[in-house]
1. Which ³J(HN,Hα) values, rounded to whole Hz and listed in residue order, are derived for region 80-85 from phi using the Karplus coefficients 6.51, -1.76 and 1.60 in 6.51 cos²θ - 1.76 cosθ + 1.60 with θ = phi - 60°, glycine and proline given as x?
2. Using the Karplus equation 6.51 cos²θ - 1.76 cosθ + 1.60 (θ = phi - 60°), what ³J(HN,Hα) coupling, rounded to whole Hz, does each residue of region 48-57 give in order, writing x for Gly and Pro?
3. About its Cα centre, how strong a charge dipole does the chain have in debye, to the nearest 20, once Lys and Arg get +1 and Asp and Glu get -1 at the Cβ?
4. Using a 1.4 angstrom probe on heavy atoms only, work out the carbon and sulfur share of the accessible area of the chain in %.
5. Compute log10 of I(q)/I(0) for the chain with the Debye formula, placing one identical point scatterer on every Cα and leaving out solvent, at q = 0.12, 0.13, 0.21 Å⁻¹, to two decimals.
6. Accessible area per residue for the chain in Å², computed with a 1.4 Å probe and the full protein assembly in place, what is it?
7. Given a Förster radius of 25 Å and the C-beta distance between SER86 and ALA106 as r, what FRET efficiency does 1/(1 + (r/R0)^6) yield to the nearest 0.05?
8. Across the chain, how many lysine pairs, 8 or more apart or on two chains, come within less than 28 Å at their alpha-carbon atoms?
Amino acid sequence: MEKEENNRLDKILKSIGRGEILFTLKCDLFFPHIVYTFFLIFMVLLMNLMIEKTMVRVEENKKEIYDLKIALTHKSTKLIGMEKLSSVQELLEKAGSDLGIPDEPAVYIRE
């Protein structure tokens with residue numbers, strides 16, 4: 001009796017492995033529909049992965065843009081500080097230049 005159960009279980013497993021169970025359940029009539037359904041599921045998963053990858057790239061780019069804005073603000077404030085006349089004179093003095101603020105105003109020559 002135990003041998004018959006093992007034999008029956010063995011036959012069932014072999015028929016599942018070979019795909020014969022689909023024929024016994026008359027699923028071969030719906031095989032194109034089944035394949036089409038799996039194809040659609042595969043396409044949905046593929047599109048989901050592509051969208052997820054794009055969203056990750058967008059988030060990384062947002063972080064990069066934020067960091068670049070901070071760097072731009074830092075450089076802008078540094079440049080504004082260098083535009084002041086006193087800081088320009090200090091830079092010229094450190095460089096050993098004799099340039100300074102003119103004592104007399106500029107002269108315009110008319111033609």
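The values are calculated or read from the model by the stated rules, or taken from the named source; none is laboratory data. The structure displayed is predicted, hence computed values, not measured ones. Note that we place each Cβ from the backbone using ideal geometry, even for glycine, and neighbour counts take in every protein chain shown. With ligands, DNA and RNA removed, areas are computed over all heavy atoms of the protein, side chains included. Shrake-Rupley method; radii C 1.70, N 1.55, O 1.52, S 1.80 Å.
1. Using θ = phi - 60°, the values come out as 5, x, 7, 6, 5, 5 Hz.
2. My calculation for region 48-57 gives 4, 5, 5, 5, 4, 4, 5, 5, 5, 5 Hz in order.
3. Approximately 720 debye in magnitude.
4. Of all accessible area on the chain, carbon and sulfur atoms account for 65 percent.
5. -0.83, -0.87, -1.13
6. Value returned for the chain: 102 Å² of accessible area per residue.
7. Given R0 = 25 Å and the Cβ-Cβ separation, E is 0.75.
8. Going through the chain pair by pair, I get 17.
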